[in-house]
Amino acid sequence: MAANTSKTARASVKAGQGKGAAGLSVLGEFKYLIPLNGGKHVYLRNLTDGKTLHLATGSEAFTEAVKALAAAGHGEKIKVEIEGLAAKQPAEQGWDTTLKSLEEAGAFSAEAVAA
């Protein structure tokens, strides 16, 4: 690495090379959800408009945002990501409940895609 790069740039490159780095990777795997506050809130990354939303996981706005992403073809990846969070995180974070409420609201169904 060139000696004239900033400490921030070097740290960013070093962090990106670490194992389990979140976010966009070289192979194109993208994390849609960044859990916050013990699973009560989440940053939801929207690939369709480039925005990142800060939402409560139990809110109607979160459900509508997931429905919109599902309609754009990202629903299955988001569902898999929530299932992974439910498996990896402590039960008190409530990812299984979040997944169940999204499924009950039809966020991943064919109707959401048609809406």
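Readers should treat all values here as calculations from the given coordinates under stated rules, not as data from a laboratory. This is a predicted model, so every value here is computed, not measured.
For the reader, a short list of remarks on this structure follows.
- Separation of alpha-carbon centers, the stretch 33-68 and the stretch 71-103, rounded to whole Å: 11 Å
- The string of couplings for the stretch 65-76 from the Karplus curve (6.51, -1.76, 1.60, θ = phi - 60°) is 5, 5, 4, 5, 5, 5, 5, 8, x, 9, x, 5 Hz, one whole number per residue in order, with x for Gly and Pro.
- For HIS41, nonlocal amide neighbours, meaning residues 5 or more places apart or on other chains whose placed amide H falls under 5 Å from its own, are LEU36, THR57.
- Calculated from the alpha-carbon coordinates, the stretch 50-115 shows an Rg and a Dmax of 11.5, 34 Å respectively.
- Converting phi to 3J(HN,Hα) with the Karplus coefficients 6.51, -1.76 and 1.60 and the offset θ = phi - 60°, the stretch 96-109 yields 5, 5, 4, 4, 4, 5, 5, 5, 5, 7, x, 5, 10, 7 Hz in sequence order, with x at every glycine or proline.
- For the stretch 43-60, 3J(HN,Hα) per residue [Karplus equation, 6.51 cos²θ - 1.76 cosθ + 1.60, θ = phi - 60°, Hz, x = Gly/Pro]: 8, 10, 7, 10, 6, 6, 10, x, 9, 10, 9, 9, 9, 7, 5, x, 8, 5
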